[in-house]
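Note sheet for the following structure.
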Amino acid sequence: MKRFKRFSCALAACVMLLSLCLPASAANKVPAPAEWAANWAEISSSEGRMSITPGADETQMQFSWITYLSDSEEFIYGREPNLSDGVAAEVKTVKNTSLLMFVNRVLLTGLEPGRYYYTYTSSGKNQGIAYFDVQDASDGFSVMFCADPQLGRSGSDSEEAIIDDCYGWDRTLKASYAKAPDLSFVMVAGDQVNLAYSNEQYNAYLYPSLMSNLPVATAVGNHDFYYYLYASHFYNPNVREVEPLSMGGSGYYYSYGNALFIVLNSNNYLAEDHESLISEAINAYPQAKWRVVMLHNSVYCAGNDSMEMPVVGGELPMIGRAMLTPIFDKYDIDLALSGHYHIYSRSVPLTNGVEKSDGVVYLAASSASGSNYYAADAEKIPEFVDFYQNCSEPTYSILDIDDESIEIRSYGTDTGELFDTCLIEKAAAPGDAPSYIPSAYYAKIVEIVKMVLNILYTKIPFDFKIFM
Ligand SMILES: [Fe+2]
Ligand SMILES: [Fe+2]
């Protein structure tokens, strides 16, 4: 069954935004105020820093925190603000012998819509009570998408740079939450930090208060993948364990409402690994109305063909285009989310690199913290780019997903300006099966239909056959 999408988009405040296009730099970053900067000891500390990720579906959520002094931690959760109804969840502790740390993990299942409260111990110390919300996704839901907070990038990984980038990351989280307080979760398309081996940077990434309240699904960036900290901090669902030699974690997938989210490790050059993961995810959730992939490197974006010098790892997208486009087309992916170039860019819907109304829309985010920006050359923007902007402030996008459409609204963190909107619609009725049917099943169905038609044909009077 072929699905049809109608693609439409509108550009808001385009003329004004063109005036904001500036050369690549971090010169436009907003320095952290003195009272924020004074918190360096707390910002960089690993003490009790919680990381929440979406679970395998909307009834699950996963928690992870690192400790050094104890492998016996507790996690309590309940509905009452004072946790008078609190129950203990099982804490599974994994010893990371390479980093001499304990990775503590909790999987909550059977969650229902509404607010929950939780607390936990870190190296035996009681932490404060925090909350998280489980949204009702039955009539649609909203997520925030962004990329490349890359804490430390704005100034050679100095203390000041991490503080400023942390402040920018906090502003983007707060701005998006203010715009959409019913967010189900956040998606970050990689480069959480600038140095994969800097736990100070990861601790600062997890420092903003909303990180204790919101699940965050991350992709592995080229600044994350070469060390153990990414996989230690982020407890992702349905992780593809078979990816070879990946210290920084692997691809994974999860279902939420009517959508299937598949996160690829684009540092992995093996196309068969990505196809296998996508196929596994679709077979696990065949009824999902929407298929969204997220990966760090952008397959199609304004930066691909228009930058004079490739960003570190910049050659990867060109390989990725040949490697991933056929897979995304084959499995009827609706939307591909990415980052890496620190340029905001949205493609027309593409099939095999050619505009087609039911193709894949490729959305690439700029930096969510403002840690630095690159610039595309306006005279070399590829034709597949429908809208782009070289950014001078952090940006984020809100995705509203329901049975009829995915609506994308993209904002500047500091101006609050809505600078791009896009609507991806699908005409098929809710609950329609996706076009992907395993070939063995398909052959069997064809065989049965042929057999039934043959029987009918032999039993029907001759005069009636001419109308068949
Ligand atoms: Fe980056
Ligand atoms: Fe990157």
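Once ligands and nucleic acids are excluded and a 1.4 Å probe is used, how much of I262 is accessible, expressed in Å² to the nearest 10?
Looks like 0 Å² after rounding.
From the mean inverse distance of alpha carbon pairs (Kirkwood) and the Cα radius of gyration, derive Rg over Rh for the range 59-134.
With Rh from the inverse mean 1/r over Cα pairs, Rg/Rh is 1.00.
Sorted by mean Cβ packing within 10 Å, highest first, what order do the peptides 31-42, 116-127, 51-62 take?
Order by mean packing, descending: 51-62, 116-127, 31-42.
About its Cα centre, how strong a charge dipole does the range 157-207 have in debye, to the nearest 20, once Lys and Arg get +1 and Asp and Glu get -1 at the Cβ?
So the magnitude is around 360 debye.
Over all directions, how big on average is the projection of the convex hull of the alpha-carbon atoms in the range 194-235, in square nanometres?
Hull-based average projected area comes out at 2.9 nm².
Could you grab the relative contact order for the range 59-134? Cα pairs under 8 Å, six or more apart, rounded to a whole percent. Kindly include the intermediate steps, with their values, before the conclusion.
On the way: 173 pairs, mean separation 28.6, N = 76.
About 38 percent, as a whole number.
Taking every pair of Cα atoms in the range 24-88, average 1/r, invert it to obtain the Kirkwood radius, and report Rg/Rh to two decimals.
1.12
What does the charge add up to near L214, with Lys and Arg as +1, Asp and Glu as -1, over the other residues with Cβ less than 13 Å from its Cβ?
-1
Rank these by accessible area, largest first, 1.4 Å probe: I76, I162.
Result of the area sort, largest leading: I76, I162.
Convert each backbone phi in the range 136-153 into a coupling constant with the Karplus relation 6.51 cos²θ - 1.76 cosθ + 1.60 (shift: θ = phi - 60°), then list the ³J(HN,Hα) values in order as whole Hz, x for Gly and Pro.
Here the 3J(HN,Hα) series is 7, 9, 5, 10, x, 7, 10, 10, 9, 10, 7, 7, 6, x, 6, 4, x, 5 Hz.
Within a Cβ distance under 11 Å of D402, other residues only, what is the Lys/Arg minus Asp/Glu net charge?
-4
With the contact rule set at Cα under 8 Å and sequence spacing of 6 or more, what percent relative contact order holds for the range 178-311?
22
Just how large is the dipole of the range 59-134 about the Cα centre, in debye to the nearest 20, putting +1 at every Lys and Arg Cβ and -1 at every Asp and Glu Cβ? List each step's numbers first, then the result.
Working: 6 positive and 8 negative charges, 46 e Å.
Dipole magnitude for the range 59-134 comes out near 220 debye.
Along the positive direction of the dipole of the range 59-134 (beta-carbon charges: Lys, Arg +1; Asp, Glu -1; about the Cα centre), which of T97, G114, M61 reaches farthest?
Among T97, G114, M61, the one farthest towards the positive end of the dipole of the range 59-134 is T97.
Report the label-to-label distance for K125 and E42 in nanometres (one decimal), using points 7 Å from each Cα along the Cα→Cβ vector.
Going from the K125 label point to the E42 one covers 1.2 nm.
The values are calculated or read from the model by the stated rules, or taken from the named source; none is laboratory data. For clarity, every value in this text was computed on a predicted model and none was experimentally measured. Positions of Cβ are generated from backbone atoms using ideal geometry, with glycine treated the same way; all protein chains shown enter the neighbour counts. All accessible areas refer to the heavy atoms of the entire protein, side chains included, with ligands and DNA or RNA removed. Shrake-Rupley method; radii C 1.70, N 1.55, O 1.52, S 1.80 Å.
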